[in-house]
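**Student:** Dumping the structure here so I can ask a few things about it.
The values are calculated or read from the model by the stated rules, or taken from the named source; none is laboratory data. Model, not experiment: these values are computed from the prediction. Neighbour counts run over all protein chains shown; Cβ positions are idealised from the backbone, glycine included. SASA here: full protein model, heavy atoms, side chains in, ligands and nucleic acids out. Shrake-Rupley method; radii C 1.70, N 1.55, O 1.52, S 1.80 Å.
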Amino acid sequence: MTGASGGKGATATRWRRITVVVILAAGLAAIIITNEHILLESLHTLAHLNWWWVLAALVAEAISLTAFGISRVILLRAEGDQATLGTVMSITYAGNALSMAVPFAGAQLAAVFSYKQLRGRGLGPAITSWALAVSAIVSSAALALVLLVGAFAAGQPGATLAGLLGAAVFLVPGVTVLLALRYRGARAWIHRTLAVLLRPLHRRWGRSWMDPAALEEFLDRVASISLPGTRYALVFALALVNWLADCGCLACSILATAQPVPWHGLLLAYGAGAAVGSSGLSPGGFALVEIALTAALTAAGMTASAALAASIAYRLISFWLILIGGGVSLIVLAR
């Protein structure tokens, strides 16, 4: 009975997600149909981009990805392992491609892929898990800071509240992981939660899916890994560079359309796009990020057609080029 109910639950969840995607697609189609003139003006703008600013946007995106790769290398070398930047960058590109291409579970699939690839290159399970977890936590904290700064820069109470809520959403998972690693009480609560979640699998398959003693030993090993404070500060600084350079790519995309950058609302608009993109409702936030960015940039003072053109130009670089490059890296790594 448990297995049957579990299957029904999974089917219901899948259908709910498909329903959400269909509704979003219908909404996007309605927006395009009712605002056809805006789309045509945007396409005309895209056909006359300033290619020097497009090149600058490409450089900014390359800086963003390189900063993220260097931060991961620093973390992976915490115990002296010689992780190379080229290998980490290839795995990062491939992981990003998986995350962008697969809806709902893309981020989780990318994490598993990165873990297996790093383990296959001689890195231990503890250092690999620790580095990936700390990388995600620091990245979320850096994005939360960007959201907060953007909210205050916008100078609007509603925008500030949205920025605070967005920052909280990105910080909560990281704080939870840190509590689990540092405090045994929090770790015991997580054990109990996992036991409840895995109980249906125990009953269905007749065996245990989690050894509490082994999990505790593994978490102790992970918790014992640390870096000097200066290295943590460097990793956080690189995470900020990652987000700010990506935001710089958006700014250059706006300039490529011959429009002035709405600096007062740029960070908040960028944060809105990043938050929507991380929802997992569509692969890499496809269409959703474009809509969110267009709406936010329009609210910041740009015309709707210019905002849409800038959003599309930005996504061509930050989404499609990375997806293609990541796909190539994925093929190479698989071979």
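**Student:** Ranked highest first by the average count of other Cβ atoms within 10 Å around their residues, in what order do 229-236, 296-303 fall?
**Tutor:** The most tightly packed comes first, giving 296-303, 229-236.
**Student:** Give me the percent of accessible area attributable to carbon and sulfur for the stretch 83-150, probe 1.4 angstrom.
**Tutor:** 69 percent
**Student:** Also: Given labels modelled 7 Å from the Cα in the Cβ direction, how far is it in nm from T84 to L55?
**Tutor:** 3.0 nm
**Student:** Under the 0.36 nm per residue contour assumption, what length would be gained going from the current alpha-carbon distance of A47 and S226 to full extension?
**Tutor:** In short, 59.4 nm is gained.
**Student:** Would you mind putting 72-81, 311-320 in packing order, based on average other-beta-carbon counts within 10 Å, highest first?
**Tutor:** Packing order, densest peptide first, comes out as 311-320, 72-81.
**Student:** Expected output is a single nm value to one decimal: the length gained when fully extending between H264 and T303, i.e. 0.36 nm times separation in residues minus the C-alpha distance. What is it?
**Tutor:** 12.5 nm
**Student:** Using a probe of 1.4 angstrom, how much of the accessible area of the stretch 243-335 is carbon and sulfur, in percent?
**Tutor:** Ligands and nucleic acids excluded, carbon and sulfur reach 76 percent.
**Student:** What FRET efficiency comes out for the pair I324/W189, r = Cβ-Cβ distance, R0 = 35 Å, nearest 0.05?
**Tutor:** Once the sixth-power term is evaluated, E becomes 0.25.
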